[in-house]
Amino acid sequence: MTTNDARPAGARSPVQRAAQAVGLVFVLVGLLGFVPGITTNYGDLQFASHGSGAKLLGVFQVSILHNLLHLLLGVLGLALARTAQAARAYLIGGGLVYLVLWVYGLVVDHHSSANFVPLNNADNWLHLFLGLGMIALALLLTRGRGGAGTHRATGGRGDGGANLAP
């Protein structure tokens, strides 16, 4: 079996590197959400409530649940970066989740108990940017690659390039 990619065996594809980078950023953000000083009003950090007064970098409203979700999404990205197909699925799926969060943040009253994550206007804009960015990375980095990030030369036989004739 041959591939059309010029990468050495074991090298990561661009979509895998992107998923890995996104995963690392989410892990970092999740950890920083627990660091006093980087997270302002740290004493107001709550598990899950619109009343959590803690703000990452003094801008993005966070809670313990919000930080844990960032950590989970980051670890998931690192794990799924092992294959191009899984990395692409992670970026598209994560992007869709962030777009849903963006819409949720637009329609939920930020001062109601329904805002349990919690979200503020800065979070909403960030979620829109992240959702579109993650999906764009997945699509652009796998464009013309059949979605999985690799081409297999099959010679039109559909057998992965192996000559099965006796």
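The values are calculated or read from the model by the stated rules, or taken from the named source; none is laboratory data. Please read these numbers as outputs of a predicted model, since none were measured by experiment. With ideal geometry, Cβ positions are generated from the backbone for all residues, glycine too; neighbour counts draw on all protein chains shown. Ligands, DNA and RNA are excluded from the accessible area calculation, which covers all protein heavy atoms including side chains. Shrake-Rupley method; radii C 1.70, N 1.55, O 1.52, S 1.80 Å.
Worth pointing out:
- Positive-pole candidate from Ser52, Gly30, Val103, dipole of the range 1-142, charges at beta carbon: Gly30
- Binned Cα-Cα distances of the range 29-112, short to long, each 10 Å bin given as a whole percent: 18, 40, 31, 11, 0
- Heavy-atom SASA rank of Val25, Val107 (probe 1.4 Å, accessible area, largest first): Val107, Val25
- Sparse packing (at most 13 other Cβ atoms within 10 Å of the Cβ) combined with a DSSP loop state is found for the following chymotrypsin sites (Phe, Trp or Tyr not before Pro) in the range 31-84: Phe47.
- Each peptide in 129-139, 110-120 gets a packing score, the mean of other Cβ atoms within 10 Å over its residues, and the list from highest to lowest is 129-139, 110-120.
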